[in-house]
């Protein structure tokens, strides 16, 4: 009897969770009803494992699904499949005959994230944050002058 229950009925009755649509510019996303491009990007990259997937695709050769899952550690196959589907729909990741790769847009995005890796490498949090001077520059100057 259970096997004859229609999946559409289960989704309609909210017994099976529906997938969230892929955040894309122009679609309503977290933080923006109009789908401002930056908010769509932050929504997409803020999803579980999305940034890790991008990071693991930075090097050759292109990994298969299982290899990518291994590189990512504890990601479940369903979450990885969801992230790959979303990143593919957003034209950031694609699949070739050998595995998954970044598209030109994905490589460009990753290149724009690399300065964050540089910053994180130098990041040494302490128990007290450096104070700001009256001109909003850091007293310690550890991360350089404020360039607003």
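One residue is enough: does the range 111-133 have a residue meeting the conditions under 21 Å from residue 23 (Cα atoms), buried (at least 16 other Cβ atoms within 10 Å of the Cβ) and in contact (Cβ under 8 Å) with a residue 40 or more places away in the chain?
no
For residue 79, all conditions in the list (1) modelled with pLDDT under 95; (2) out of contact with any helix residue (DSSP H, G or I) (no Cβ under 8 Å at 6 or more places or on another chain); (3) within 24 Å of residue 18 (Cα to Cα) hold save one; what is the number of the exception?
Checking residue 79 against (1) modelled with pLDDT under 95; (2) out of contact with any helix residue (DSSP H, G or I) (no Cβ under 8 Å at 6 or more places or on another chain); (3) within 24 Å of residue 18 (Cα to Cα), the one that fails is (1).
Quickly run through the range 92-110 and pick out the residues that are assigned to a helix (DSSP H, G or I) and touching a residue at least 40 places away in the same chain (Cβ under 8 Å). Talk me through it step by step, then tell me what you get.
Here is the first cut: in the range 92-110, the residues assigned to a helix (DSSP H, G or I) are 104-110.
Residues satisfying the conditions are 106, 109, 110.
Here is a list of conditions, (1) farther than 25 Å from residue 117 by Cα; (2) modelled with pLDDT of 95 or more, and residue 101 meets all of them except one; can you say which number that is?
(1)
Scan the range 47-64 residue by residue and report those that are surrounded by 14 or more Cβ atoms within 10 Å (Cβ to Cβ) and either within 17 Å of the chain's Cα centre (by Cα) or at pLDDT below 95 (or both). Break it down stepwise before answering.
As a first pass, look at the range 47-64 and keep what is surrounded by 14 or more Cβ atoms within 10 Å (Cβ to Cβ): 47, 49-58, 62-63.
Those that are surrounded by 14 or more Cβ atoms within 10 Å (Cβ to Cβ) and either within 17 Å of the chain's Cα centre (by Cα) or at pLDDT below 95 (or both): 47, 49, 50, 51, 52, 53, 54, 55, 56, 57, 58, 62.
When you check residue 37 against the structure, is it at pLDDT below 95, surrounded by fewer than 16 Cβ atoms within 10 Å (Cβ to Cβ) and within 14 Å of residue 109 (Cβ to Cβ), yes or no? Spell out the reasoning first.
Working: at pLDDT below 95: yes; surrounded by fewer than 16 Cβ atoms within 10 Å (Cβ to Cβ): yes; within 14 Å of residue 109 (Cβ to Cβ): yes.
Yes: the conditions hold for residue 37.
Would a scan of the range 28-36 turn up a residue that is in contact with a helix residue (DSSP H, G or I) (Cβ under 6 Å, 6 or more places away or on another chain), assigned to a loop (DSSP other than H, G, I, E, B) and touching a residue at least 12 places away in the same chain (Cβ under 8 Å)?
So the first thing to find is which residues in the range 28-36 are in contact with a helix residue (DSSP H, G or I) (Cβ under 6 Å, 6 or more places away or on another chain), and the list is 29-32.
Narrowing the set further to residues that are assigned to a loop (DSSP other than H, G, I, E, B) leaves 30-31.
Subset that is touching a residue at least 12 places away in the same chain (Cβ under 8 Å): 30-31.
Yes - at least one qualifying residue is present in the range 28-36.
Could you figure out which of (1) in a helix (DSSP H, G or I); (2) in contact with a strand residue (DSSP E or B) (Cβ under 7 Å, 6 or more places away or on another chain); (3) over 15 Å from residue 41 (Cα atoms) isn't true of residue 69?
(2)
Picking from 70, 89, 60, which residue would you name as being out of contact with any helix residue (DSSP H, G or I) (no Cβ under 9 Å at 6 or more places or on another chain) and either in contact (Cβ under 8 Å) with a residue 40 or more places away in the chain or on the phi > 0 side of the Ramachandran plot (or both)? Show your work before the answer.
Values: 70 fails: either in contact (Cβ under 8 Å) with a residue 40 or more places away in the chain or on the phi > 0 side of the Ramachandran plot (or both); 60 fails: either in contact (Cβ under 8 Å) with a residue 40 or more places away in the chain or on the phi > 0 side of the Ramachandran plot (or both).
Step by step, each of 70, 89, 60 is checked, and only 89 is out of contact with any helix residue (DSSP H, G or I) (no Cβ under 9 Å at 6 or more places or on another chain) and either in contact (Cβ under 8 Å) with a residue 40 or more places away in the chain or on the phi > 0 side of the Ramachandran plot (or both).
The values are calculated or read from the model by the stated rules, or taken from the named source; none is laboratory data. A quick note: this is a predicted structure, and the numbers were derived from the prediction, not measured. A quick note on method: Cβ atoms are made from the backbone with ideal geometry, for glycine too, and the neighbour counts reach across all protein chains shown.
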